Ligand SMILES: [Zn+2]
Ligand SMILES: [Zn+2]
């Protein structure tokens, strides 16, 4: 029997969030709270454990908003700044949990993180968390994070960049993706819910756009899908009107259970 899975969208904004600094709201109605988007990240809860996907610059606010004191492991999609530069906030996550945290990602992502934030991976020199303490766990394919079975598949983020998509049970998360190959569709086969990249309506060099994402959702045949990594050109209400009934734009704080 499938385990219950609870997914919280901590952030569904593009790399600059919505609004971007200015404030620039683009086409988004500032009066709709669903248009206030933090950087892309989700929390997956199952079997009494919490997996955090990415640690972007809004991490502190996101964990406070979700009332989450700690997580049990981190999954990294890739090392772009909007997905990792809140890494220092893991210090207080380690403090609340009382242990180091395993950080899963591709070898390349973890190498980049260790170059950019070496202190986060060095052993503690005192018996309190004056810094985050992460343990790099390179993965691809099937693995376990905090005893949760996860499947990681590669996605093309454009310009030769590879990101990881993650599947946990019948849920999958695919952010920062321009092309999906047949092996990715194989990994997605049979899922019930998908949170998937859709940056804007027009084609984009490094992200999927509206029509392409809708085509992917059709191909996977998923019953329930949510758009993420949306930039300020996608107003929640206007985008919802253009979606088929089983597809919706995500919003920060959205909780999906399956
Ligand atoms: Zn991104
Ligand atoms: Zn990216």
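We did not get these values from a lab; they are worked out from the coordinates using the rules stated. This structure is a prediction, so every number in the text was calculated from the model and none was measured. Please note: Cβ atoms are built from the backbone with ideal geometry, for glycine as well, and neighbour counts cover all protein chains shown.
To the nearest 0.05, what FRET efficiency results for residue 186 and residue 143 with a Förster distance of 25 Å applied to their C-beta separation?
0.90
Give the share of C-alpha pairs in each 10 angstrom bin for the chain, from 0 to the last occupied bin, in whole percents, shortest bins first.
Result returned by the calculation: 7, 33, 38, 18, 3, 0.
Per Stokes-Einstein, at 37 °C and 0.692 mPa s, what whole-number D in µm² s⁻¹ belongs to the range 6-81, with the Kirkwood radius over Cα pairs as the hydrodynamic radius?
249 µm²/s
Of the beta bridges DSSP finds with both residues in the chain, what % are antiparallel, to the nearest 5?
Of all bridge pairs located within the chain, approximately 55 percent are antiparallel.
For a footprinting-style exposure proxy, rank 82, 29, 89 by other Cβ within 10 Å, fewest first.
29, 89, 82
Nearest 10 degrees, 0 to 90: what angle lies between the long axis of helix 210-220 and the longest principal axis of the chain (Cα atoms)?
Helix 210-220 sits at roughly 80 degrees to that axis.
Normalised by the residues of the range 123-258, what does the relative contact order come to in percent, with Cα pairs under 8 Å and at least six apart?
Reported relative contact order: 16 percent.
Neighbour counts of other C-beta atoms within 10 Å: give me 194, 25 arranged from fewest to most.
Ordered from fewest to most neighbouring Cβ atoms within 10 Å, 194, 25 come out as 25, 194.
I'd like the FRET efficiency for residue 81 and residue 240, computed as 1/(1 + (r/R0)^6) with the beta carbon distance as r and R0 of 41 Å, rounded to 0.05.
0.90
Based on alpha-carbon positions alone, could you give the equivalent ellipsoid semi-axes of the range 153-202 from the gyration tensor, as √(5λ), descending, whole Å?
Equivalent ellipsoid semi-axes, largest first: 18, 13, 9 Å.
Counting alpha carbon pairs within less than 8 Å and at least 6 residues apart, what relative contact order, in whole percent, applies to the chain?
22 percent
To the nearest 500 deg cm²/dmol, what mean residue ellipticity at 222 nm is calculated for the chain from DSSP H runs of n ≥ 4 alone, each contributing -39,500 (n - 2.57), summed and divided by the residues?
-5500 deg cm²/dmol
Suppose we keep just the alpha-carbon trace of the range 98-145; what are its Rg and Dmax in angstrom?
Rg, Dmax (Cα atoms, Å): 11.6, 36.
Just rank 95, 178, fewest to most, by other beta-carbon atoms within 10 angstrom.
Ranking 95, 178 by Cβ neighbours within 10 Å, fewest first, gives 95, 178.
In degrees from 0 to 90, rounded to the nearest 10, what is the angle of the helix 107-116 Cα long axis to the longest principal axis of the chain?
That works out to roughly 70 degrees.
Could you tell me the calculated FRET efficiency between residue 202 and residue 135, based on Cβ-Cβ distance and R0 = 41 angstrom, to the nearest 0.05?
Rounded to the nearest 0.05, the efficiency is 0.50.
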